[in-house]
Structures are given as structure tokens and as C-alpha cells.
Amino acid sequence: MAGAGTPVAMKLAFSTLGVPGLAIPDVLALAVANGYHGVELRAHHEEPVHPGLDPARRAEVAAEFKAADVEIVGLAGYVRVAAPGDDAPVLAELRALLELARDLGAPFVRVFPGGDAGLPREEGDAIAARRLGLAAEDAAALGVRILLETHDSHPTGADAIRVLGPVGHRNVGALWDVMHPWLAGEQPSDTYAALAPHLGYVQVKDIASADDRTPVALGAGVLPLAECVEVLSRHGWDGWLCWEYEKRWHEAAAPLPDLLTPARDHITRLLTESA
């Protein structure tokens, strides 16, 4: 716990979702030049890092990050743990993501809920909890934590905890994407209270408006970033804040590289003000 007046030492990262397809050396150069100590890698076949990488390339990527003194915060995968259907293909996809994280030295993998709106809520919760429970021991053996993101069918902390509570395993936790709980009407203090025992890291972002999710510079939009940082600071949380700038889905958005240093300065200012 930080002392009064001392900013909590949260660590800053950015997601490669903001620089679609960019080669790893260029991603690392951006991180170093702009004062970021971590990167979240979008683990998708469109990107340089994905579960199809061979062992040699995995070792090369891990070595590139080590040489640059930049950490891989996590792998942003696309497994949908509450989706209807057989467990086997979902668990196989998740296992491949966990093995990639192990090989790269990444501590976390992100999964989505992805529940079907046509199913009863309890059924989606049970599907997700069952699969995460089955994958938890694999994750533990590989030294990786699975993080369920506040997203789609489970946008709030209250939604996520309905799944995480029954799983009850230290290798299954939560990723707080600050946008989705806010859009669903949940206050940052309530999201934190629900997720705190399970929280892996936090994705920060900003958007033009509740009706226009075009990404904008941190502090230039409507999301309650100051309140989120204040809640985290008040509780002495010292994990990663990762800027997820959704350039991949919004091609007309401003390029991320020019925004990285101003974003770092904005978050640093919020941390100082919340001390």
C-alpha cells in the first residue's frame, strides 16, 4: 500500500490492437521510445504472434522482449468460454493459447465470455465456469493465469463474478476493461469491489461517446479514467494499466504511435492526482 501522497507504482503497457500487424521489433521500439514497460500482444493469425508459431520463432520473440527490457503483459486471445457447443474445441483453443504464453513468458491470457443471448443467463455462466475450471489445472501447470474480460455477454464486474466465484481457482481471474462496465451502468468502485480478489490487470481506453466507440486519446473522451485510477490507487493496487486502443476496428482513428507519450503523461498525471 502506498503512503499518503505517494503515487501507486502502476505499470504502463499498450496493446498491439492499436498497431495492427506491426513487426515485433517495431512494437518494442515504440514501447522503449515512449516509456512503456509492457506490451499486450494480440494473439491472432493476422498478427506476428499467434498460437501457430513454431518453437524457434517463439524463442526468438521471447528473446527480443528480454533484450529490449519490455515485458509481455499478456496474450489477448479470442477464446469464448461461455459460447454454446462442445467443450473440447474451446478447451483445445485455450490450451494452445496457454502453451504460447508459457513459451513467451507471458503471465496472463485473455479470454472473452462470448455467451449466447438466447440462452438463460445461468446456463451461460455454468458453461463458462465448467470450462474455466477444467482449464485451471492446465494453466497452473504452465504457470499462466486465465483472465476473463468484462466484455460482451458479461460486461460488468457483477457478471464476471458469477463465473469466477464458482471456479474458485487462483489461476483463473479477471481482466477489467474499463469501457464495458461503464457502458452497462456499473460504477468503477463497484466493478473494482467485484473483481479485486481476482484482478489480473486493467485495460484502459477512451471513446468518443457512449454511442460512438471510436477510440480517442486518453482523457479526450467520455470514459471515467480518473475515477478508475483513483479507485485503484486508493486500494494500493500496483498492477498493469494497459492501453487498448482499438485501431484494428476503427481504421479512421488517429495512428497510435503519436498518442503514446501523451497517454503515458496523462496516466502519470492521474496517478499523481489520486495519491
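Readers should treat all values here as calculations from the given coordinates under stated rules, not as data from a laboratory. Computed from a predicted model, the values in this text were never measured in an experiment. Here the Cβ is made from the backbone with ideal geometry for all residues, glycine too, and neighbour counts use every protein chain on show.
Among beta bridges identified by DSSP and lying wholly in segment 11-274, the antiparallel ones come to about 10 percent. Rounded to the nearest Hz, the phi-derived 3J(HN,Hα) couplings of segment 202-213 under the Karplus curve 6.51 cos²θ - 1.76 cosθ + 1.60 (θ = phi - 60°) are 10, 9, 9, 6, 8, 9, 4, 6, 4, 9, 9, 8, where x marks glycine and proline. Mean separation of Cα pairs under 8 Å and 6 or more residues apart, divided by the residue count, gives the chain a relative contact order of 21 percent.
Hydrodynamic analysis of segment 4-64 uses the Kirkwood radius over alpha carbon pairs. Inserted into Stokes-Einstein at 4 °C and 1.567 mPa s, it gives a translational diffusion coefficient of 100 µm²/s. Mind checking which lysines have their Cα closer than 16 Å to the Cα of Lys11? Skip sequence neighbours fewer than 8 apart in that chain. Partners found: Lys205.
Across every direction, the projection of the convex hull enclosing the Cα atoms of segment 15-100 has a mean area of 5.9 nm².
As a length-normalised measure over Cα pairs under 8 Å and 6 or more apart, the relative contact order of segment 1-83 settles at 31 percent. For the chain, the equivalent ellipsoid derived from the Cα gyration tensor has semi-axes of 26, 24, 18 Å, listed largest first. Summarising the amide proton neighbourhood of Val73: residues at separation of 5 or more, or on other chains, whose placed amide H is nearer than 5 Å comprise Val39, Glu40, Leu41. Distance from the Cα centroid of segment 186-218 to that of segment 18-72 is 24 Å (rounded to whole angstrom). Amide H contacts for Val216 (H built 1.01 Å from N in the peptide plane; partners 5 or more residues away or on another chain; cut-off under 5 Å): Asp206, Ile207, Ala208.
Other residues whose C-beta falls under 11 angstrom from the C-beta of Leu259 contribute a net charge of -1, scoring Lys and Arg +1 and Asp and Glu -1. At an R0 of 41 angstrom, the distance between the Cβ atoms of Ala23 and Arg213 translates into a FRET efficiency of 0.90. Remind me, relative contact order of segment 105-160 in percent, using alpha carbon pairs under 8 angstrom and six or more residues apart? So the answer I get is 54 percent.
Among residues other than Ser189 with Cβ under 13 Å from its Cβ, the summed charge is -3 (Lys and Arg +1, Asp and Glu -1).
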